[in-house]
Structures are given as C-alpha cells and as structure tokens.
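Chemist: Attaching a single structure in structure tokens format; questions to follow.
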Amino acid sequence: MLKVDVRDLAAGPVETTGRLEPDDAVFQGLGLPLVGPVDVSGQLLATGTEDYLWRGHLRGRLQVECRRCLADVILPLDTGVDVMFSADPDAADDPSVYPMAAPVTHVDVATAVREEIAFAVPSFVLCREDCKGLCQRCGADLNAGPCSCTVAAEPV
Ligand SMILES: [Zn+2]
Ligand SMILES: [Zn+2]
C-alpha cells in the first residue's frame, strides 16, 4: 500500500510497498519516460504532529534519447528518496516539503513518487561515452561510419 492511514503511524513506521504502472493516474500529464512499472518500497513514519518522513526506494526503467544521435537509451531507475510531508503552514515555503491540507487522514506517497522520478530523469544522456552523433549536414548516424559528405570534405 502506498496510501497510509495516519492512525496506523501512531504505532510506529509503516511499510510502503507497491507497484505503479506507467498508465497509473498519478503519472498522468507528466510525460515521464517510463518503460514498465515502478516498484516502490520504503517506510513512512510520523516525526511530529502532522509531519511525516518517507524513506523510499524506486526501481524501474526509463527510456530517454541520446543527446547526440537521438537513439533510444534505456536507463535503470534505482534511487532512494527522502521526502517530508507536512501540514504545518510554517513548512509550506520549504520546496523540499510536500504540503498537505490539515487535518491529515492519509499520506499517499505516490504523489511524491512522480515528482522524484521527474527529478531522477537525467537531462543529458549519451548512448555511449564516445557517441559520434549525427552529421550536421546530412543527418546520418556517424556511429555507423562516415557519411558521404565527411568523405567529400576530407582533403585529398
Ligand atoms: Zn548516441
Ligand atoms: Zn553527412
């Protein structure tokens, strides 16, 4: 379960385990490059009155484009997250805190999962360290070998 009844937290930390499919409503409209489901694990605990700490772990796969040759690159998503949820108005200005509306009855860690995945998507990815990219003139994939325009441009 990724949605925890806060009354259960009075007795101690609660395990958060679940699987979110890429078409889950929680991901809608974000355009996250998920390949297959995201497995979520972790523990949620109350750290104060209406303050909750979630120590979670996300596992899945992302599909992104190589910045040089635009080939699809599959990356493992395997990341730990530390997330604070709080209904304390004083914490509302803290960008690292997920604000909640008081009175809190449930903490749904899935709302944090989508944000944390968005942060985890790298902005610069190469299919391999020495990717040669595409020819700027003809668009050929130079990893497959030189294109005819580079050959022509070479001094004889
Ligand atoms: Zn590439
Ligand atoms: Zn070319």
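The values are calculated or read from the model by the stated rules, or taken from the named source; none is laboratory data. Just so it is clear, the model here is predicted, and its values are computed rather than measured. We place every Cβ from the backbone using ideal geometry, glycine too, and count neighbours over all the protein chains shown. Heads up: the accessible areas ignore ligands, DNA and RNA and are worked out on the full protein's heavy atoms, side chains in. Shrake-Rupley method; radii C 1.70, N 1.55, O 1.52, S 1.80 Å.
Chemist: Do any residues in the stretch 27-47 that are of a type in the set (Phe, Trp, Tyr) have Cβ atoms under 6 Å from those of residues that are open to solvent by 30 Å² or more (accessible area, probe 1.4 Å), where the two are at least six apart or on different chains, and which pairs are they?
Modeler: Cβ pairs passing all conditions: PHE27/ARG114.
Chemist: Check GLU15 against each of (1) over 15 Å from VAL109 (Cβ atoms); (2) open to solvent by 80 Å² or more (accessible area, probe 1.4 Å) and name the one condition it does not meet.
Modeler: (1)
Chemist: With the stretch 58-124 as the region, which strands (runs of 3 or more DSSP E) entirely inside it contain at least 2 residues that are under 11 Å from the mean Cα position of the chain (by Cα) and buried (at least 18 other Cβ atoms within 10 Å of the Cβ)?
Modeler: Fully inside the stretch 58-124 and qualifying: 72-86.
Chemist: Related question: Of all the residues that make up the stretch 27-57, how many are surrounded by fewer than 19 Cβ atoms within 10 Å (Cβ to Cβ), more than 30 Å from GLY139 (Cβ to Cβ) and in contact with a strand residue (DSSP E or B) (Cβ under 9 Å, 6 or more places away or on another chain)?
Modeler: Total satisfying the criteria: 13.
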